[in-house]
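A short worksheet on the structure shown next.
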Amino acid sequence: MTDPWLRDVPAVFHALADPRLESAIPQPTTGPFDQACAHWGALHYTLSSLLGWVDVGCGLAWWYAAGKPVDDSPLLALVQRVWGADDLIDYYAAWAWLPEGVGYEFPQSVSPFDGPSPMWLGRHSRWKNEEWWRGFARRGQVHHHDPFYGGSDPLHLAAHAGPPTVEPSANPLVHLVPHQRRAVLVTEGLDHWLADLHALEASLPPQGERSWRVEIFDRCVGYLGEYRRSRVTGHWFLGKHSVHMGGHPGHE
């Protein structure tokens, strides 16, 4: 994929389908801007489009408050292993917790008066834990490009939460097994899989209080996972419903 923010997404799907392929997901490092966009863009895509979190700040606050459990979610286990290594995910979480429009160009070590204020963030951010913010501020900037330092959205992640189009594929393949409440969707491209899933939703026969389970394959990338639609949030998600709910304010 040529879009920098989506470049590492296929590797995430591969790792979820086969954990032996996890090493293909690039690790965060000091490098060019597009490399940082690819690495952190894949995380933002994963939480937003796979877990179906409409508010990643809410979801991460729920997850951190619970001690970052992974036993009930292979996806969060992958997130913890890849982006949680050396607690680098904290830079993404800190960005997700900032009040709208708030950002910091430099850490306190570089700009003592303009860097992040733990006291202020402990009161006004989505994560009201001043001690956590103190530890985060002391840590400073580890890599040249990260989701937190450089402005209110330095890697432009907010605009890259999922596939870049809402247009379905021209000719997706669909197979329904109504008595098992299962479906198989083969999409024509990774850009379209979520739009194809939404288009399929309208044609699925009602199953009362039960949910359809849709297994999705992309002709180029391979297996994308098994998805259900929440009757509470109306969003499709991968994994356990309780984890999906964590990223929906008022339902976490």
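If you take the beta carbon distance between residue 124 and residue 71 as r and set R0 to 41 Å, what does 1/(1 + (r/R0)^6) give as a FRET efficiency, to the nearest 0.05?
It comes out at approximately 0.80.
By how many nm would the segment from residue 241 to residue 54 lengthen if fully extended, with 0.36 nm per residue of separation less the alpha-carbon distance?
65.9 nm
Along segment 179-191, what does the Karplus equation 6.51 cos²θ - 1.76 cosθ + 1.60 (θ = phi - 60°) give for ³J(HN,Hα), rounded to whole Hz, x for Gly and Pro?
For segment 179-191, the Karplus curve yields 5, 9, 6, 10, 9, 10, 10, 10, 9, 7, x, 5, 5 Hz.
To the nearest 20 debye, what is the magnitude of the charge dipole of the chain about its Cα centre, counting +1 on the Cβ of each Lys and Arg and -1 on the Cβ of each Asp and Glu?
So the magnitude is around 680 debye.
Based on DSSP, what percent of beta bridges with both residues in the chain are antiparallel, to the nearest 5?
Within the chain, antiparallel bridges account for around 70 percent of the total.
Could the peptides 132-139, 9-16, 24-31 be put in order, highest first, of the mean number of other beta-carbon atoms found within 10 Å of their residues?
Peptide ranking by packing, descending: 9-16, 132-139, 24-31.
Sort 45-56, 229-240 by the packing proxy (mean of other Cβ within 10 Å over each peptide's residues), most packed first.
Result, highest mean Cβ count within 10 Å first: 45-56, 229-240.
Given H placed 1.01 Å from N in the peptide plane, which residues other than close sequence neighbours of residue 151 have an amide H under 5 Å from its amide H?
104, 105
If r is the Cβ-Cβ distance from residue 114 to residue 18 and R0 is 45 Å, what FRET efficiency results, to the nearest 0.05?
Computed FRET efficiency for residue 114 and residue 18 comes out at 0.50.
Among 98-110, 169-181, what's the highest-first ranking by average C-beta atoms within 10 angstrom per residue?
98-110, 169-181
Could you calculate the contour length gain from residue 215 to residue 131, that is, 0.36 nm times the residue separation minus the distance between their Cα atoms, to one decimal place in nm?
26.0 nm
Using modelled amide H (1.01 Å from N, peptide plane; none on Pro or chain starts), what sits under 5 Å from the amide H of residue 225, excluding residues fewer than 5 places away?
Amide H neighbours of residue 225, under 5 Å, 5+ apart: 216.
Can you list residues whose amide H is under 5 Å from residue 182's amide H, if they're 5+ apart or on another chain and H is modeled 1.01 Å from N?
For residue 182, whose amide H was placed from the backbone, the distant partners under 5 Å are 177, 213.
Please list, in order along segment 23-28, the HN-Hα scalar couplings obtained from phi with the Karplus expression 6.51 cos²θ - 1.76 cosθ + 1.60 (θ = phi - 60°), rounded to whole Hz, x for Gly and Pro.
After applying 6.51 cos²θ - 1.76 cosθ + 1.60, I find 5, 6, 6, x, 8, x Hz.
Values in this text are rule-based calculations from the coordinates and carry no lab data. All of these numbers come straight from a predicted model, not from anything done at the bench. Every residue, glycine as well, gets a Cβ built from its backbone with ideal geometry; the counts of neighbours run over all protein chains shown.
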